Amino acid sequence: MIRVSLDHLIVVYLAILLGFLFCVWVAAELFHTRRERRRRRDFVICGICDHVFEDRSEKHLMNCPRCGALTERSKVREI
Ligand SMILES: [Zn+2]
């Protein structure tokens, strides 16, 4: 039988708990980054009427749903 003191048991428990929380934090951060990248890629701003719309297709040129002008996909920058 392995004899472990209460101090060592608490240290091991806290290390496992902190490791688990670190893994959850890293996974949440990766998920958030991926979702943010996809959101920026899908939103398109019309150059004519400044209408912001979402387009999930892979086309480079699309018609604006408000004014019908051909709009080129470009990066949406956060302010
Ligand atoms: Zn437009």
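Residues that are acidic (Asp, Glu) and over 25 Å from LEU61 (Cβ atoms) within the stretch 1-48 comprise ASP7, GLU29, listed in sequence order.
Only one entry of ASP42, ASP55 meets the criterion of being touching a helix residue (DSSP H, G or I) at 6+ places or on another chain (Cβ under 9 Å) and surrounded by 10 or more Cβ atoms within 10 Å (Cβ to Cβ), and that entry is ASP55.
Condition check ((1) more than 10 Å from the ligand (Cβ to nearest atom); (2) modelled with pLDDT of 85 or more; (3) assigned to a strand (DSSP E or B)) across all residues:
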position: VAL24; (1), (2), (3): yes, yes, no
position: ALA28; (1), (2), (3): yes, yes, no
position: PHE31; (1), (2), (3): yes, yes, no
position: ARG34; (1), (2), (3): yes, yes, no
position: ARG37; (1), (2), (3): yes, yes, no
position: ARG40; (1), (2), (3): yes, no, no
position: CYS49; (1), (2), (3): no, yes, no
position: LYS59; (1), (2), (3): yes, yes, no
position: VAL76; (1), (2), (3): yes, no, no
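Would you pick out the residues in the stretch 1-39 that are among the hydroxyl-bearing types (Ser, Thr, Tyr) and either surrounded by 10 or more Cβ atoms within 10 Å (Cβ to Cβ) or under 23 Å from PRO65 (Cβ atoms) (or both)? Listed by number, the residues that qualify are TYR13, THR33.
The values are calculated or read from the model by the stated rules, or taken from the named source; none is laboratory data. Nothing here was measured: the structure is a model prediction, and the numbers come from that model. Every residue, glycine among them, receives a Cβ derived from its backbone with ideal geometry; neighbour counts consider all protein chains shown.
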